[in-house]
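Step one of this worksheet: look at the structure below.
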Amino acid sequence: MTEPGAAPSPPSTPDAPPDRTDTVSAPPAEAESVEDYYARIVAATGHDGRLPVAVEEMPGWDIYPYEPSSLQLKPIQPLADAEPPRRGESSSDCACAQGPGEDDGTLVWSNPRWRLTLSRKTGLPVMLMLSPVEHHDVPSLPTALAAEMGQLIVAIGDAVEHVPSVGRFQLAKYGDGGAHAHLFFLGRPARILQFRGSPLIDWEENLPRVPLDVLQANARVVAERLVVHVGGRAGTLGR
């Protein structure tokens, strides 16, 4: 992080993605196939194709949001023939090809390489998404961008935890729907201990929506703190 008011030094020009064809000591052919992995799961199912609920694991936590006695898992489906294509697998088909577009009050912070945006519809005090400006997925991020992403995770996490109604921040990466890299920053409400841990996202879907002006005010705390510590510029946040 830079000192307040200091101009941050931009990272070096992103280099090419690392060469992933080099020889490794554990050839993929020696690792377990997905068919063998799947067979182990099927062998553990009952006559109806369902796995038993592991009540000694997450359903047994005091923060688990559902009643274990009424739970059952969906039947295990067959293996798909292949992984389905995601939105934006090609850079020309990705929304990033259209440019950043107009700031509609959801842009929290940006620099020439990254954008941090606000979710308009959430039950949490703040829910943000960090994405690179250029088309990259996380496994293919150039080294310089990957290094900057690590610094931004630290800075954004710190900024989210300075929102008055936030107790802790959570970080999530999924990537099954979109091929453009995106990380989620969730602000877990302070002092609501039921919302701790991974069940937070289940609670979030059932919480009343926070008004947009409140979300923007919370996100302004994040934006201004990021500008001080990592440079860049704040979005309009509805102002």
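Computed with a 1.4 Å probe over protein heavy atoms only, the accessible area of Tyr37 comes to about 120 Å². Placing R0 at 22 angstrom, the Cβ-Cβ distance between Tyr66 and Ala172 gives a FRET efficiency of 0.65 after rounding to 0.05. Once all protein chains are placed together, Glu224 keeps about 100 Å² accessible to a 1.4 angstrom probe. Among Leu212, Leu79, Leu130, the residue with the largest mean-square fluctuation in a Gaussian network model of the chain, with springs joining Cα atoms closer than 10 Å, is Leu79. Taking Val108, Val133, Val42 in turn, the Gaussian network model of the chain (Cα-Cα springs below 10 Å) assigns the largest fluctuation to Val42. Kirkwood analysis of the chain, using all unique Cα-Cα pairs, places the hydrodynamic radius at 20.7 Å. Accessible surface of Asp36, taken over heavy atoms with a 1.4 Å probe and every protein chain present, rounds to 90 Å².
Taking label points 7 Å from Cα along the Cα-to-Cβ direction, Ala39 and Met58 give a separation of 2.8 nm. So which residue, out of Pro211, Pro75, Pro199, gets the largest mean-square fluctuation from a GNM of the chain using Cα contacts under 10 Å as springs? It is Pro75.
Taking 0.36 nm per residue of separation and subtracting the Cα-Cα distance, full extension of the segment from Ile76 to Phe184 would add 36.1 nm.
Ignoring solvent entirely, what values of log10 I(q)/I(0) come out of the Debye formula for the range 94-229 at 0.09, 0.10, 0.20 Å⁻¹ when each Cα is a single scatterer? Summing over Cα pairs of the range 94-229 leads to -0.25, -0.31, -1.27.
Both the radius of gyration and Dmax for the range 46-91 are 16.4, 47 Å, in that order, over alpha-carbon atoms.
Rg/Rh for the range 36-172 stands at 1.06; both radii use Cα atoms, and Rh follows the Kirkwood definition.
Built from the Cα atoms of the range 130-201, the convex hull projects on average onto 5.3 nm², one quarter of its surface area. Put simply, the amide H of Val133, placed in the peptide plane, has neighbours under 5 Å in Trp114, Arg115, leaving out anything fewer than 5 places away on its chain. Calculate, for Gln151 and Glu83, the FRET efficiency according to 1/(1 + (r/R0)^6) with r their C-beta to C-beta distance and R0 25 Å; round to the nearest 0.05. It comes out at approximately 0.20. Here the accessible area is traced with a 1.4 Å probe on the protein chains. For the chain, carbon and sulfur cover 55 percent of it.
The values are calculated or read from the model by the stated rules, or taken from the named source; none is laboratory data. Note that the structure is predicted; figures quoted are calculated from it, not measured. Don't worry about glycine lacking a Cβ; one is built from the backbone with ideal geometry, like all the others, and counts go over all protein chains shown. We work out accessible area using only protein heavy atoms, side chains counted, and drop any ligands, DNA or RNA first. Shrake-Rupley method; radii C 1.70, N 1.55, O 1.52, S 1.80 Å.
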